Amino acid sequence: MIKYAQIQKNFGSFAFSSEQGEVRKGEIVGLVGKNALGKSLFVKILAGVEKADIGEKLTLKVSYKPQYITANEMTVGEYFAENGVKGSTFEDCKKKLNVNILMEKRLDQISGGELQRVALCAALGQDADIYIFDEPTAFLDIEQRFEFAELLRKVITEKEKCAFVVDHDIVFIDAIANRLVVFDGKSSVKGHASAPLEKRSGMNGFLKVTGITMRRDRETFRPRINKPGSALDTEQRAAGEYFYYEG
């Protein structure tokens with residue numbers, strides 16, 4: 001669906017770069033890596049919020065949900081109206097994320113979780129080609145995370161759009177992502193983003209750096225993070241397979 005060129009950006013004492021990449025229709029790309037390696041900067045450049053030293057913003061229509069959401073005195077209903085959000089997807093989001101009860105409340109008077117759900121509805125309800133979400137699960141409980149994951153997959157798959165998602169919830173990223181962009185480098189000094197990688201190889205490399213192994217429950221097939229030092233954790237590390245090793 002889209003292709004983007006290599007990106008370079010010096011931001012104060014921090015130097016960022018990324019490989020060129022392409023994203024397919026109906027695909028969600030997860031962005032993973034340690035803190036302060038440029039994940040938020042990367043999506044801001046793609047969305048046109050920040051200008052790269054080398055590289056261009058995406059030319060298709062982008063809906064962007066930033067990491068930090070600004071609250072003001074307007075009501076939730078006024079916020080949606082100002083952003084021109086409407087349609088069946090928007091109504092579905094409001095219902096499943098329990099936002100209808102917030103319509104008359106002011107943005108600066110609702111909780112962080114409520115504000116996050118409002119922002120997710122506004123972003124996912126936009127008519128766009130590319131959806132970018134920075135830390136969408138922050139302040140959400142586990143059920144709300146599952147609801148948003150289902151909503152996002154439905155929009156991207158059925159409408160043949162694409163999405164970039166930054167999040168530190170590895171289980172959530174595993175649930176939604178088709179491929180991964182993996183960030184490495186030295187926090188707050190230098191960050192580099194890979195091209196989109198197939199999920200198994202990308203997740204295996206990321207988990208190795210973070211020192212975590214994952215398995216899939218044999219009965220429920222849900223992802224689980226292994227207890228450090230457990231028999232399975234030790235076995236997977238020895239095999240160099242940090243992501244769903246079958247033995």
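The values are calculated or read from the model by the stated rules, or taken from the named source; none is laboratory data. None of these values were measured; they are calculated from a predicted model. Neighbour counts are summed over all protein chains in view; Cβ atoms, including those assigned to glycine, are modelled from backbone coordinates with ideal geometry. SASA here: full protein model, heavy atoms, side chains in, ligands and nucleic acids out. Shrake-Rupley method; radii C 1.70, N 1.55, O 1.52, S 1.80 Å.
Name the residue that is nearest to ASP127 (Cα to Cα), counting only residues in segment 54-78 that are among the hydroxyl-bearing types (Ser, Thr, Tyr) and modelled with pLDDT under 95.
So, considering only residues that are among the hydroxyl-bearing types (Ser, Thr, Tyr) and modelled with pLDDT under 95, the one nearest to ASP127 (Cα to Cα) is THR59.
Run PHE243 past the list (1) modelled with pLDDT of 90 or more; (2) buried (at least 20 other Cβ atoms within 10 Å of the Cβ); (3) in contact with an Asp or Glu (Cβ under 9 Å, 6 or more places away or on another chain) and report the number of the one that doesn't hold.
It is condition (1) that PHE243 fails.
Considering each of LEU58, LEU107, LEU41 in turn, give the residue that is buried (at least 18 other Cβ atoms within 10 Å of the Cβ) and over 19 Å from the mean Cα position of the chain (by Cα).
Every option except LEU107 fails the conditions.
What is the number of the single condition among (1) of a type in the set (Val, Ile, Thr); (2) closer than 14 Å to ILE28 by Cβ; (3) out of contact with any Lys or Arg (no Cβ under 8 Å at 6 or more places or on another chain); (4) surrounded by 15 or more Cβ atoms within 10 Å (Cβ to Cβ) that ILE170 does not meet?
Failing condition for ILE170: (2).
Would segment 33-52 turn up any residue that is assigned to a strand (DSSP E or B) and either modelled with pLDDT of 95 or more or of a type in the set (A, V, I, L, M) (or both)?
no
Can you pull out every residue in segment 108-145 that is in a helix (DSSP H, G or I), in contact (Cβ under 8 Å) with a residue 24 or more places away in the chain and either of a type in the set (Gly, Ala, Ser) or within 16 Å of ILE176 (Cα to Cα) (or both)?
Of everything in segment 108-145, those that are in a helix (DSSP H, G or I), in contact (Cβ under 8 Å) with a residue 24 or more places away in the chain and either of a type in the set (Gly, Ala, Ser) or within 16 Å of ILE176 (Cα to Cα) (or both) turn out to be GLY112, GLY113, ALA119, LEU120, ALA122, ALA123, LEU124, GLN144, ARG145.
Whether any residue in segment 89-102 is in contact with a strand residue (DSSP E or B) (Cβ under 9 Å, 6 or more places away or on another chain) and modelled with pLDDT of 95 or more is what I want to check.
Yes - at least one qualifying residue is present in segment 89-102.
The conditions are (1) open to solvent by 10 Å² or more (accessible area, probe 1.4 Å); (2) small (Gly, Ala, Ser); (3) outside any helix (DSSP H, G or I), and ALA163 fails exactly one of them. Which is it?
So the condition that ALA163 fails would be (1).
Of a type in the set (D, E, K, R), closer than 22 Å to LYS161 by Cα and either open to solvent by 10 Å² or more (accessible area, probe 1.4 Å) or in contact with a Ser or Thr (Cβ under 7 Å, 6 or more places away or on another chain) (or both), is that true of LYS65?
no
Of the residues in segment 154-173, how many are over 26 Å from SER111 (Cβ atoms) and touching a helix residue (DSSP H, G or I) at 6+ places or on another chain (Cβ under 7 Å)?
Result for segment 154-173: 3.
Being over 19 Å from GLY211 (Cα atoms) and either open to solvent by 50 Å² or more (accessible area, probe 1.4 Å) or part of a strand (DSSP E or B) (or both) is the filter here, so list the residues in segment 176-190 that pass it.
ASN178, ARG179, SER188, VAL189, LYS190
Would you check which residues across segment 201-221 are part of a helix (DSSP H, G or I), modelled with pLDDT of 90 or more and either under 14 Å from LYS34 (Cβ atoms) or more than 17 Å from the chain's Cα centre (by Cα) (or both) and list them?
If the condition is that a residue be part of a helix (DSSP H, G or I), modelled with pLDDT of 90 or more and either under 14 Å from LYS34 (Cβ atoms) or more than 17 Å from the chain's Cα centre (by Cα) (or both), then SER201, ASN204, PHE206, LEU207 are the ones that fit.
List pairs: first residue in segment 72-92 and under 16 Å from ARG117 (Cα atoms) and open to solvent by 40 Å² or more (accessible area, probe 1.4 Å), second residue among the polar types (S, T, N, Q) and part of a loop (DSSP other than H, G, I, E, B) anywhere in the structure, Cβ distance under 9 angstrom, at least six positions apart or on different chains.
The qualifying pairs are TYR79/ASN72; ASN83/GLN126.
Of all residues being within 15 Å of the chain's Cα centre (by Cα) and basic (Lys, Arg) in segment 114-160, which is least open to solvent (accessible area, probe 1.4 Å)? Just the residue, please.
Per the criteria, the residue is ARG117.
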